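I have placed the structure first, in the form of structure tokens, so that the comments after it can refer back to it.
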Amino acid sequence: MSNLCPGYTGLLFGPEESKIRCTDFGVIRQQPPLFYDHVIGLRDTIPVGMETKGEGATINIQKTIERPGVKIISGGFSFPATELNCGVFFDKMKYGDYFDFAFIYSGADKGFKFIDCRVNTYSFSVTAGDIATISVDILGKDAEPDGRESEYVVAEKMITWDKVQVANAPGGSSGVQGIDFSVNNNLIPIYTSNNNVSENLKVKEIRVGMQEMTGALTVYRKYDANFDLSSPTTMTLTCPGLATPLNVVFQPTQPASALGPIITKIPFTGIDKAFGV
């Protein structure tokens, strides 16, 4: 029997025994077929001797020789941040750690467990008057059926803007209207010949590449034009379940020349250890 709230795709069983109601979920095992393509098009005539190709009255066989591609678990999910789940995947993203998780679609009899996963991309966004949302994309090594049920009736408090603080923002924190940032860990799947044979084309290792963080502050106030990069700045983002420094440089920005409220987006890029040690 499913007790998930209407509007949620299903229930995710995350690290540290967390349970997360997802608004979107699309993680599957990828294994594309690979083809050895010939040079004869659909309507080409097949040359004999020194002839050149032309267009014939019949159609030719096209994809004929294929082999299975390598396997990898890939995809993503999104969920509204609550006081219980906000920090669940943050440290996994920050340090590039491996983790397992499971998911069951609402109304399904059973779900799936995803094994040895790492966060590839991570996004956090919140705006005044709205709730915070988190999106996570992962790569993983394997998947198997999971028998946990989707019953979950614990009430959770969504994180709204009044619970979010951005300290040391340029010009002060009082004018900040929103913040968003995205992280790319540039994961690289590694395949080896021995693993392809013994593990049936599965990935051997998932390497974490250079971590890249970009984002933007949305501010509401008169803001002078700035055409130069700023000096390195450490802001602090705090909300229930998550507190982190943001080591960044702000990019050049110019407020829009328009009537009405002056709302400016100030882009930033993470530097050094973007989220501290």
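Things worth noting here:
- Each Lys and Arg Cβ is given +1 and each Asp and Glu Cβ -1; about its Cα centre, the chain then shows a dipole of about 200 debye.
- Our summary gives the chain a relative contact order of 16 percent, counting only alpha carbon pairs under 8 angstrom and 6 or more residues apart.
- Listed by chain and number, the aspartates and glutamates whose C-alpha is less than 14 Å from the C-alpha of K163, apart from same-chain residues fewer than 8 away, are E83, D130.
- For the listed residue pairs K71/K141; K19/K71; K71/K94; K157/K265, the alpha carbons are over 19 angstrom apart in K19/K71; K71/K94; K157/K265.
- Across the alpha-carbon atoms of the chain, the computed radius of gyration and Dmax are 24.6, 79 angstrom.
- Annotation: extensible slack from Y36 through I271 equals 80.2 nm (criterion: 0.36 nm per residue apart, minus Cα-Cα distance).
- For the range 67-176, the Kirkwood radius over C-alpha pairs fed into Stokes-Einstein at 37 °C and 0.692 mPa s yields D = 201 µm² per second.
- Within a straight-line Cα-Cα reach of under 12 Å, K110 can be paired with the following aspartates and glutamates, leaving aside sequence neighbours fewer than 8 residues apart in one chain: E144, D146, E149, E151.
Every number here is computed from the coordinates shown, using simple stated rules; none is lab data. Given the structure is predicted, the values throughout are model-derived calculations rather than measurements. Quick reminder, even Gly has a Cβ in these numbers, built from the backbone with ideal geometry, and neighbours come from all protein chains shown.
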